[in-house]
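Have a look at the structure below, then the notes.
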Amino acid sequence: MARCRIFTIDEGLLPVVEGGLYTKNFSTLRISVSVVKFVAPGGASLKARAHSHGEEASLQLTGGCSVFQPDDNPEAEFRMEAGDALLIPAGSSHYGNNRFDESGVSMRLNVVSPPRAEFVAKDAAPFYPLADVPAKPNP
């Protein structure tokens, strides 16, 4: 029988880019959960690559983020501040730009269904779709 799992949001994050981006990812049969933490100043220059996947619910924990949908409406900006949530439709190409709080952090909790293929892989390397990093192949 499947068991509940508890995790602490801001502990045990792994470096994607030391001094700039940290994350941890979990998957079940139907969803993937990702905690993403950008830290200034190193995280301020990291740009996300447009990507798409299943339905996503994103909760901005600290700082802020602007999400763009380049294929659907390149002019539209969806601004999130701490405490805001955003629903992204399945298959919608999107990327985000961060704004940092007074402590220099922008952190989100993302839930995607079905689970992101990049998060199901058994390797220990954390993943985030950065603009200057090639996409991971689907397993």
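Only a single criterion out of (1) loosely packed, with under 15 Cβ neighbours inside 10 Å; (2) at pLDDT 90 or above; (3) in a loop (DSSP other than H, G, I, E, B) is not satisfied by A124, namely (2).
Does the range 47-62 contain any residue that is at pLDDT 95 or above and among the basic types (K, R)? No, the range 47-62 contains no residue that is at pLDDT 95 or above and among the basic types (K, R).
In this structure, L59 qualifies as touching a residue at least 12 places away in the same chain (Cβ under 8 Å), aliphatic (A, V, I, L, M) and under 19 Å from L13 (Cα atoms). Only one of the listed residues (V17, V36, V67) is of a type in the set (V, I, T), closer than 15 Å to F127 by Cα, within 15 Å of the chain's Cα centre (by Cα) and at pLDDT 95 or above. That residue is V36. The set of residues from the range 60-77 being out of contact with any Ser or Thr (no Cβ under 7 Å at 6 or more places or on another chain) and under 26 Å from P41 (Cβ atoms) comprises Q60, L61, S66, V67, F68.
The values are calculated or read from the model by the stated rules, or taken from the named source; none is laboratory data. Note that the coordinates shown come from a computational prediction; the quantities given were computed from them, not determined experimentally. Here Cβ is always computed from backbone atoms with ideal geometry, including for glycine, and neighbour counts include all displayed protein chains.
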